[in-house]
Amino acid sequence: MRSRFHAIAVAAVVLAALAACGGSAQVASKGAVRIGVDLPEALPDGAATLNGVRFAVQRAGGSVGGWTLVIDHRDDTRQGAPSSDAGVENVQAMLANGDVGMIGPYTSSTANAEIPIAAPQHFAMISPSTTQPCLTRDESFCSKHPQDLRGANPNNFFRLVTTNLEQARAMADYFFDTLGVRNVAILDDSAVLGVASAGAFEAEFKKLGGTVAKHSEYKRDQQGTDFKSILLSFKNAGAQAVYASGFDFSNICIPRRQMEDIGWEVPFGGADSIGSSDCIDQAQNHAVGMLSTIAAPDAMQIPAAQSTIRAFKETFKRTEDYGAYTMLAYDATGILIQAIRKAFDDRYSPRDIAQFRDAVRANVAATTGYVGAIGTTSFDQNGDTSLRIVSIYQVRSVGTSSTDHLVCGSRLTNLCFVWLMHLNLASQRSASARIPWALA
């Protein structure tokens, strides 16, 4: 009798566990398939991205091919920020635990550290958010090239966002075609990525027929916080806008505030590196009108995604449960589950983990025409997405009840980056091509 009650109790615990992780209430008989997730879960954006993974597993019924899907999620936050060292530890633990593939990481620096650990094991990584070009492309400015990261191993890294270079090109298109800017100033923070993005912006702007009034660089430790002499040189050169290529921690948005000090008001824009609370706070009230990009479509603006988002919010009810990369993580997980299903169809077994991981990796690499919440995704030979779509945002004053924004100032909480439009960089001439979302 005791053994019978014990068996019932164990079954109840298993059912409860499956329900808690969004899985099916049916006990899979063949075993568990572990999906790794490496994200900065202690941060709001990381936690919201993890929810996209959870929702995808829930919608898959919590199992595939008679095997239970288990989410092995690990936090790479250390001292309030994503940590490459923590990410490496997480991937090593996933490999030791028999995970078959992973979603993540969130940041490019973490990916740069993780790929050399994962590649020899043919461990598929699908990132919803990393934008560093050198992770997938052999660019001249890369200190580490894709082949340096993965060695002689086949490509194991894939992403659902486009790169920083596309962000720069998209802002050049927006300045030229939408705002009518013909003479622009460029400011970069001398960092490798800032210089590369500034170069991509300049090349695109000139290709469109524009001119660069002046291109200035600065170093944070030398420049300090006074940019007025640089801004005056831009103004005197007749610049009609400023492209800011750098990071908030390099004080890149302080110039926006100081434009007011010299009586100069022109558009000021950059990539997602300025689309932050800190940049809004640096610019203070003059942040209004500031422009930034995200290297992906905004799912909230895609009609075909609305039913998925509504279903998500029925399960994840708090405002903070949804973030900019939630639906990208949802699609990334769907692609990974599809790859796992095909590995089962091809008669691979997780009990031979090396063969199964390689089959999953190969299936992810072969992804073509995957229809998800953000559109139809294929991966090229480098692991980059075919959806080269960039979102444009602008700082505006919003009401306290508004949720239609990307990020707000931490002190000026009423000033937020609000979505303006999508640009499609997949067309031969990017030039502000708007997306016919009915086709997505």
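The values are calculated or read from the model by the stated rules, or taken from the named source; none is laboratory data. Keep in mind the model is a prediction, meaning the values are calculated, not measured. Note that each Cβ is placed from the backbone with ideal geometry, even for glycine, and that neighbours are counted across all protein chains shown. Only protein heavy atoms, including side chains, enter the accessible area calculation; ligands, DNA and RNA are left aside. Shrake-Rupley method; radii C 1.70, N 1.55, O 1.52, S 1.80 Å.
Things to note:
- The range 277-301: number of residues that are of a type in the set (A, V, I, L, M, F, W, C) and more than 17 Å from the chain's Cα centre (by Cα): 7
- Of residues in the range 27-65 being in a loop (DSSP other than H, G, I, E, B) and in contact (Cβ under 8 Å) with a residue 60 or more places away in the chain, the one least open to solvent (accessible area, probe 1.4 Å): PRO40
- Test: GLY289 is touching a Leu at 6+ places or on another chain (Cβ under 6 Å), within 20 Å of ASP173 (Cα to Cα) and either buried (at least 21 other Cβ atoms within 10 Å of the Cβ) or at pLDDT 95 or above (or both): no
- For PHE205: the one exception among (1) buried (at least 24 other Cβ atoms within 10 Å of the Cβ); (2) farther than 29 Å from ASN424 by Cα; (3) free of Cβ contacts under 8 Å to residues at least 40 places away in the same chain; (4) aromatic (Phe, Trp, Tyr): (2)
- Residues (in contact with a strand residue (DSSP E or B) (Cβ under 7 Å, 6 or more places away or on another chain) and not in a loop (DSSP other than H, G, I, E, B)) located in the range 358-370: VAL360, ARG361, VAL364, ALA365, TYR370
- Number of residues in the range 45-76 that are within 20 Å of GLU320 (Cβ to Cβ) and among the charged types (D, E, K, R) equals 4.
- The residue that is surrounded by the fewest Cβ atoms within 10 Å (Cβ to Cβ), among those in the range 84-102 that are of a type in the set (S, T, N, Q) and in contact with a strand residue (DSSP E or B) (Cβ under 7 Å, 6 or more places away or on another chain), is ASN97.
- Residue in the range 155-163 that is under 21 Å from ARG388 (Cα atoms), out of contact with any strand residue (DSSP E or B) (no Cβ under 8 Å at 6 or more places or on another chain) and open to solvent by less than 10 Å² (accessible area, probe 1.4 Å) present: yes
- Filtered residues of the range 208-246 (kept if within 18 Å of MET290 (Cβ to Cβ) and open to solvent by less than 60 Å² (accessible area, probe 1.4 Å)): PHE227, ILE230, LEU231, PHE234, ALA239, ALA241, VAL242, TYR243, ALA244, SER245, GLY246
- A count restricted to the range 38-56 and to residues that are under 12 Å from ALA332 (Cβ atoms) and of a type in the set (A, V, I, L, M) stands at 4.
- Number of the exception - LYS313 against (1) surrounded by fewer than 24 Cβ atoms within 10 Å (Cβ to Cβ); (2) of a type outside the set (A, V, I, L, M); (3) over 21 Å from the mean Cα position of the chain (by Cα): (3)
- PHE356, sole failed condition from (1) crowded, with 24+ Cβ neighbours inside 10 Å; (2) in contact with a Ser or Thr (Cβ under 7 Å, 6 or more places away or on another chain); (3) farther than 21 Å from CYS408 by Cα: (1)
- Here THR130 meets the list (1) open to solvent by 10 Å² or more (accessible area, probe 1.4 Å); (2) at pLDDT 95 or above; (3) not aromatic (Phe, Trp, Tyr) almost entirely, failing just condition (1).
- For the range 121-146, the set of residues classified as in a helix (DSSP H, G or I) and within 24 Å of ALA359 (Cα to Cα) consists of GLN121, LEU135, PRO146, listed by residue number.
- Taking the listed residues ARG318, ARG351, ARG341, ARG361, the one that is open to solvent by 70 Å² or more (accessible area, probe 1.4 Å) and either among the β-branched types (Val, Ile, Thr) or under 22 Å from the mean Cα position of the chain (by Cα) (or both) is ARG318, with no other qualifying.
- The selection criterion, being touching a Lys or Arg at 6+ places or on another chain (Cβ under 8 Å), crowded, with 19+ Cβ neighbours inside 10 Å and touching a residue at least 40 places away in the same chain (Cβ under 8 Å), does not hold for GLY375.
- Cβ-Cβ contacts under 8 Å between residues 6 or more apart (or on different chains), taken from a first residue in the range 253-265 that is open to solvent by less than 60 Å² (accessible area, probe 1.4 Å) to a second residue that is aromatic (Phe, Trp, Tyr) and not in a helix (DSSP H, G or I), are listed as ILE254/PHE227; PRO255/PHE227; PRO255/PHE268; ARG256/PHE268; GLN258/PHE227; MET259/PHE268.
- Complete set of residues in the range 178-201 that are open to solvent by 40 Å² or more (accessible area, probe 1.4 Å) and in a helix (DSSP H, G or I): THR178, VAL192, VAL195
- Pair list, Cβ < 6 Å and 6+ apart or interchain, from the range 379-401 residues that are of a type in the set (Lys, Arg) to residues that are open to solvent by 30 Å² or more (accessible area, probe 1.4 Å): ARG388/ALA426
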